[in-house]
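Notes for the one structure printed next.
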Amino acid sequence: MAFAPVDVLPHKREDKKRVAYFYDSDVGNYAYVSGHPMKPHRIRLAHSLVMNYGLYKKMEIYRAKPASKYEMTQFHTDEYIDFLAKVTPDNMDSYQKEQQKYNVGDDCPVFDGLFEFCGISAGGSMEGAARLNRQKADIAINWAGGLHHAKKSEASGFCYVNDIVLGIIELLRFHKRVLYIDTDVHHGDGVEEAFYTTDRVMTVSFHKYGEYFPGTGELRDVGVGSGKYYAVNFPLRDGIDDSSYKGIFEPVIRATMEYYQPSAVVLQCGGDSLSGDRLGCFNLSMRGHANCVRFVKSFNLPTLILGGGGYTMRNVARTWAYETGCLVGEYMPPNLPYNDYYEYYAPDYELDVRPSNMENANSREYLEKILGQVLENMKRTTHAPSVQMTDVPRESLGMNDEDEAALDDLDEDQNPDTRLTQRKADKYVQKNGELSDSEDEEMEEVNGRPSASRKRRIMQNYRHIMDVGGNDSGVETRSGTGTPQQASSLPDEAADEMNVDEDLDDKVNQQTPSPPNGEQQVNGSVVVSGLQSPDHLASAETADGDVEMGDADLPDGNAAPMDEAETARSTEADSTIIVQQQRTPPDSPPTPDAEEHSPNAHNTAAPETAMSDAEDSHTVTLATPLAVSAKPDAVGTPEAEAAIKQEAIGDDEVAKAQEEGRMERELANTEGEARTEAVTKAEASEPAEHQGQQGDAKTQTDVQEIPAETGADSAQGS
């Protein structure tokens, strides 16, 4: 017989809760020393998922004021807080004695911004408790909190300031009894020690016990004095799974609610109890961990949700984001949305933390024995403790209604022309059934949601990632050849710049004239026109592999001479470049029609021949490429051959400049002739077109083969 499985969370909204979400964007900037397992950056990862899933629309978002030294000393000693405020990595050598006294050094190192980081953590928990007290929210979330190991005058377990104790002290101003629940894999010793002698707070901790930090939390540790039996510890062994955890968690919490009757709950959601944690030894899945949050929420009490441990960042971020969705009652698709840290979640990119095949050392007999003893201790409390009626002590450490009203007025004064300010957007909770995701796309960008056009480009860049397990062909709709796409390692902004928008493609299509007779224009460089026909692609596949680029199209008829000339020069300059656009040599010399394209055909070299070929390109369909002829045909004059050889050498830069200048001048002279010739060729008879094609192909072949004449002897021998 086994424990019941974890319940499947409903996909529809449950009873509506007012959720206040506290996040400070600076929290991810702080870092413990290099190699330390605690990484505040995980909070930023979780927040990014919360924003990109759109959960922020269902919550009020706040940036709490960092806790001051005075507020921290509501629990901690003045000397300890003064030390945290003064010590820095630069002056820590002069505080050696204090470091030993306050246990600062190894597990709790001194790092830049230490006190500011503690202020952000404590400020969010205290402000969340204050909003619960004022009944401005039903649930308050602070994933930067949950540092449960810190003592009154000592740092411990990566924790310096105990924000949980400070938040509970704030709740006790209005609530008679507060229940604290700890699901971290480590025992919540700091919180238990703070309230070990009082019945105003009941602490319940489920943790690994036995040769494990911090070494406390035995079953018999139940409190002392008036707090006896108000400290509940459930020691566990390695490898507990979802069903076993649910089988002990729900009965204990249900009995606690029945016997203790708290009026507020603080839940610490340490992520180191998840499967695969760097420091943890439990085997909980994301849904098994979130089941605790869902069950506590079902009691409909004011609840403060805090973070805690968790040292595998991607799993902690997934779980805290998922639990945020559970708290607001929103369904979250399993496929992660694109976010700033998308690569962290490779290779599956899914919202899930799966259990491993780790052995569960917690037998059913062991769990039932511990559970029976815990429930027996609960019965000894008999009745919920009463609290003497007194005035509410001191002013709230958090903000009150007057302070918030003053900030609202200041926001309106500073932004008189802004319809939806950042403060208003953060406080706005989207209603169900609203048709628009956002009335202000700029505010969407500020809140971390990419605009529609930018999101479309992002998803195009990452389509090879989203298609998990498949092979992307990489064939673009406007690509001449199917080139496999490589995984993009560019950042978001760079990928946007390199991505070609559809609007740009439309403009190019509008500027590119359509060739007559439906034939493709030919160029040896790039493709801008539409897809090739299936027959054309088939011929390219069966052709020689050295002419892949010959399948490309010509972007503009006027630019053809320039592109062909450049291609010819590059072919002549480097003998290792693949010969492109090879055609079958004609059996007869070109007709006069082919030479009429250039009046000075007998006085010019390769550039003119290239221009003549480009002018006829609208009537030329790509022929099957053949190998380069061993011996060039004697069509050109000796003077032309000598000019081509001189240009191929490439040593005389002046000669190259002259050739380029002559080519540009002749390009201007033949632009009109090219357009006229296009019309003439369309009306000419078929034999004339075929003869002109052969003559043009022979001329082009001569231009590309003449530079190889230096090795003609070896070619003839082959």
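The values are calculated or read from the model by the stated rules, or taken from the named source; none is laboratory data. Not measured: the values here are computed from a predicted model. Virtual Cβ from ideal backbone geometry, glycine too; neighbours counted across all protein chains shown. Surface areas here come from the heavy atoms of the whole protein model, side chains and all, with no ligands, DNA or RNA. Shrake-Rupley method; radii C 1.70, N 1.55, O 1.52, S 1.80 Å.
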Within region 70-97, restricting attention to residues that are touching a Phe, Trp or Tyr at 6+ places or on another chain (Cβ under 9 Å) and open to solvent by 60 Å² or more (accessible area, probe 1.4 Å), which residue is farthest from Ser34 (Cα to Cα)? Glu79
Kindly establish whether Ser68 is of a type in the set (Gly, Ala, Ser) and over 23 Å from Gly270 (Cα atoms). yes
Can you tell me how many residues within region 294-341 are surrounded by fewer than 19 Cβ atoms within 10 Å (Cβ to Cβ) and assigned to a strand (DSSP E or B)? 1
What is the number of the single condition among (1) under 22 Å from Leu274 (Cα atoms); (2) open to solvent by less than 40 Å² (accessible area, probe 1.4 Å) that Phe213 does not meet? (2)
One residue from Glu218, Glu250, Glu211 being among the charged types (D, E, K, R), farther than 18 Å from His148 by Cβ and without any contact (Cβ under 8 Å) to a residue 40 or more places away in the chain: Glu211
If I go through region 143-177 residue by residue, how many of them are in a loop (DSSP other than H, G, I, E, B), at negative phi and buried (at least 24 other Cβ atoms within 10 Å of the Cβ)? 11
Among the residues of region 114-129, are any part of a helix (DSSP H, G or I), surrounded by fewer than 22 Cβ atoms within 10 Å (Cβ to Cβ) and at pLDDT 95 or above? yes
With respect to Ala20, is the statement that it is modelled with pLDDT under 95, open to solvent by less than 30 Å² (accessible area, probe 1.4 Å) and either under 28 Å from the mean Cα position of the chain (by Cα) or not basic (Lys, Arg) (or both) true? no
At pLDDT 75 or above and part of a helix (DSSP H, G or I): is that true of Leu407 in this structure? no
Any idea which of (1) within 30 Å of the chain's Cα centre (by Cα); (2) not in a loop (DSSP other than H, G, I, E, B) is the one Leu132 doesn't satisfy? (1)
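Listed here are the residues, each with its yes/no results for (1) among the hydroxyl-bearing types (Ser, Thr, Tyr); (2) under 20 Å from Asn233 (Cα atoms); (3) in contact (Cβ under 8 Å) with a residue 40 or more places away in the chain; (4) in contact with a helix residue (DSSP H, G or I) (Cβ under 6 Å, 6 or more places away or on another chain).
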{"position": "Tyr322", "(1), (2), (3), (4)": "yes, no, no, yes"}
{"position": "Met332", "(1), (2), (3), (4)": "no, no, yes, yes"}
{"position": "Tyr349", "(1), (2), (3), (4)": "yes, no, yes, no"}
{"position": "Gly372", "(1), (2), (3), (4)": "no, yes, no, no"}
If we keep just the residues of region 253-288 that are in contact with a Leu (Cβ under 7 Å, 6 or more places away or on another chain) and β-branched (Val, Ile, Thr), which is surrounded by the fewest Cβ atoms within 10 Å (Cβ to Cβ)? Thr256
